[in-house]
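Let me begin by presenting the structure, written as C-alpha cells, before commenting on it.
The values are calculated or read from the model by the stated rules, or taken from the named source; none is laboratory data. Keep in mind it's a predicted model, so treat the numbers as computed, not measured. So basically every Cβ, Gly included, is an ideal-geometry build from the backbone, and we count neighbours across all protein chains shown.
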Amino acid sequence: MAEHRYTLSELEAKGLAIRELTPEQQDVLRDLTPDELAILVDIKTRLDEVGPDVMAHSEIAGPLLF
C-alpha cells in the first residue's frame, strides 16, 4: 500500500487551520493515515457543532481544531 502524504490544501479543505501551525506540526498532520485524518476531522466537526462555547477555548487547544 502506498503511503499518502497530505498537502496543506487537502488538510485545509477538511477544515483544519493548518497554516497557523509550525512546520513541524504541519509535517505530523501530513503524515497521518487516512483513518487518523478521518478521526481528526470527525472530532473537529463535532466540536464545530457545539458552536461558540467551544470557540472561546481556542487559546487552550490551539489553532488546529478552531
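A residue that is at pLDDT below 90 and not aromatic (Phe, Trp, Tyr) occurs somewhere in region 19-26.
Can you pull out every residue in region 19-35 that is without any contact (Cβ under 8 Å) to a residue 40 or more places away in the chain and in a helix (DSSP H, G or I)?
Quick first cut of region 19-35, residues without any contact (Cβ under 8 Å) to a residue 40 or more places away in the chain only: 19, 22-35.
Hits for region 19-35 are Arg19, Pro23, Glu24, Gln25, Gln26, Asp27, Val28, Leu29, Arg30, Pro34, Asp35.
Just one of (1) of a type outside the set (A, V, I, L, M, F, W, C); (2) modelled with pLDDT under 80; (3) surrounded by 12 or more Cβ atoms within 10 Å (Cβ to Cβ) fails for Pro52. It is (3).
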